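The values are calculated or read from the model by the stated rules, or taken from the named source; none is laboratory data. Just so you know, these numbers come straight off a predicted model, no measurement behind them. Backbone-built Cβ (ideal geometry, glycine too); neighbour counts: all protein chains shown. Please note that ligands, DNA and RNA were not included when accessible areas were found on the heavy atoms of the full protein model with its side chains. Shrake-Rupley method; radii C 1.70, N 1.55, O 1.52, S 1.80 Å.
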Amino acid sequence: LSPFRARGARIAQSPRDVGDNAEIVFVSLPLPKICQDVAMDPAGVAAGAAIKVYIEMSTLGTAALDVIATHLKSTPVGFLESPVSGGPTAAQNGTLSTTTCGAGAAFERARPMIAAIAPNLFYLGETLGSAQMAKLINNHIAKAGTVAAFEGVVMGLKAGLDPRGLIDFVNASTGRNFTTAEKF
């Protein structure tokens, strides 16, 4: 946490400390179980005195999201799901995308802050789980493009093509995708 502290960030002592001191809280964690614990534990974020809107930015899938959403329905905390996409390059460049679902009032309250993180912001309505599904579809399409790109490059190598020249050509043409542009 030293780099954050050095830039003036206040370091919370617990998830509850975050919820006690922030009206809008963004959560992006690596595992569904961790997300559920942070949201639902009696010492978790949602039990905080200040929190009004809880925004889950992790890619959890709909089952884990439903557990959190069900718990938060019994609290006064508004809940939004807003998984991000774009990878490290988009995060560094400030060009992340997100699709958000949840109550319209909570979304309008949090919209400026979500847009500051992910300027490519798409609101899909109030039905929770829709953003997770959209993110999983996006990931599926991206992985299909990855497989196609790898197969194409292997085909080119077997044909004796220069791989850099091939990728440069593809990226200037209709075959470009996230893998050819960012990963190769």
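What are the residues in the range 1-29 that are farther than 26 Å from R111 by Cβ and either of a type in the set (G, A, S) or under 16 Å from the mean Cα position of the chain (by Cα) (or both), if any?
S2, A6, S14
Applying the selection to the range 85-108, what residues are more than 15 Å from V53 (Cβ to Cβ) and without any contact (Cβ under 8 Å) to a residue 60 or more places away in the chain?
Once the filter is applied, which keeps residues that are more than 15 Å from V53 (Cβ to Cβ) and without any contact (Cβ under 8 Å) to a residue 60 or more places away in the chain, the range 85-108 yields S85, G86, P88, A90, A91, Q92, N93, G94, T95, L96, S97, T99.
Here are some residues: A115, A134. Which one is closer than 16 Å to T59 by Cα, modelled with pLDDT of 95 or more and not acidic (D, E)?
Answer to the check: A134.
Taking the stated definitions as given, is V67 open to solvent by 10 Å² or more (accessible area, probe 1.4 Å) and either under 20 Å from H140 (Cα atoms) or hydroxyl-bearing (S, T, Y) (or both)?
no
Against the condition in contact (Cβ under 8 Å) with a residue 60 or more places away in the chain, part of a helix (DSSP H, G or I) and open to solvent by 10 Å² or more (accessible area, probe 1.4 Å), how does D37 come out, does it pass?
Spelling it out, it is not the case that D37 is in contact (Cβ under 8 Å) with a residue 60 or more places away in the chain, part of a helix (DSSP H, G or I) and open to solvent by 10 Å² or more (accessible area, probe 1.4 Å).
Being out of contact with any Leu (no Cβ under 9 Å at 6 or more places or on another chain) and open to solvent by less than 30 Å² (accessible area, probe 1.4 Å) is the filter here; which residues of the range 136-169 pass it?
G145, T146, A149, I167
State the number of residues belonging to the range 13-34 that are surrounded by 14 or more Cβ atoms within 10 Å (Cβ to Cβ), outside any loop (DSSP other than H, G, I, E, B) and not hydrophobic (A, V, I, L, M, F, W, C).
Looking only at that region, the number is 7.
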